[in-house]
Amino acid sequence: MAITHILVPLGGETDDDRAALRAGFALAAPFGAHVTALFGGGDARAARTALEDEAARAGAALRDEACKAGAPTASGRSAEGTLADAAEAEARFADIVVFALLGGDAARRAAFIRVLMNSARPVLLASRGGALRLEGRMAVGWDGELAAARALTAAVPLLKRATAVDLIGVGAIAPGRIGAGAAADYLALHGVTATPRTVAPAASAGKTLSAAAQADGAALLVMGAYGHSRLVETILGGTTAHLLEEAALPVLLMH
């Protein structure tokens, strides 16, 4: 379960592009992974400059194409067609895809939805500014659904770097769903000690999880993105909408 290739779709919004790249390089550092920046829409020249600056800042060597060098490397290329089309296709050969907070960028939002729905890859949503710490405490939102289990298993390489992991449930888990104890047992097989706990619902589940994770001092929140039939509704106006636009800490999502 190694992380070797990280895709970062860029929309040409300078601050957002830099935040996504900063998170991508922070993720690449402990794994010696390659970061591929995908330029689509907006100002491609500014996006390429952002890649060069952030690669230099992270000490990652720029290459013409993806490679494995034992240390972080990076490359960039322009999307063919729309950013959403290109990101969906490219994501299938990435271990993880990193996006900046979505805000009002329609092209990046469309790409995010397509990648999350169709690529079967985890998506890391960078926090404002792109800060990412792969250490300390991490939190997993647990509701016993398939999406939560997929998110948890995809996050194992990151959770193994945590000093503590909280399995946070919002209210009681519905009958027939898998309890947090089973998730904790699975993580224990990977050498990860996780502590289940339940918080009372307050506002949306997304806000409740985010607030609980922040109160615990978590560096990362991991959660599922619900089922296919509800996904677009959920992203654009439901449980996770708060996290996609306003997350104060990085969020790893899996459909």
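Observations on the structure shown:
- Rh (Kirkwood; distinct C-alpha pairs) - segment 58-166, Å: 15.9
- Protection proxy ranking of 209-221, 166-178 - average other beta-carbon atoms within 10 Å, highest first: 209-221, 166-178
- Farthest toward the positive end of the dipole of segment 5-125, out of Leu10, Gly81, Phe25, is the Cα of Phe25, where the dipole comes from beta carbon charges about the Cα centre.
- Taking every DSSP bridge with both residues inside segment 79-196, close to 0 percent are antiparallel.
- Net length gained if the chain between Ala215 and Ile178 were fully extended (0.36 nm per residue, minus Cα distance): 10.8 nm
- Across all Cα atoms of segment 5-125, the radius of gyration (one decimal) and Dmax (whole number) stand at 12.6, 37 Å.
- In the chain, the DSSP beta bridges split such that about 10 percent are antiparallel, to the nearest 5.
- Value at 222 nm in deg cm²/dmol, rounded to 500, when DSSP H runs of n ≥ 4 in the chain each add -39,500 (n - 2.57): -12000 deg cm²/dmol
- The magnitude of the dipole of the chain, with charges of +1 and -1 set on the Cβ of Lys/Arg and Asp/Glu and taken from the Cα centre, is near 460 debye.
- Size descriptors for segment 137-223 (Cα atoms only): Rg and Dmax, in that order, 11.7, 35 Å.
- Label separation (Ala200 vs Leu146): 3.4 nm, computed from points 7 Å beyond Cα along the C-beta direction.
- The charge dipole of segment 137-223, taken about the Cα centre with unit charges on the Cβ atoms of Lys, Arg (+1) and Asp, Glu (-1), comes to about 140 debye, rounded to the nearest 20.
- Theoretical gain in end-to-end length, Glu65 to Met117 [0.36 nm per residue, Cα-Cα removed]: 16.1 nm
The numbers here are math on the coordinates, done by the rules we state, and not lab data. Note that this is a predicted model, so its numbers are computed, not measured. Cβ coordinates were reconstructed from backbone atoms using ideal geometry, including for glycine residues, and neighbour counts include every protein chain displayed.
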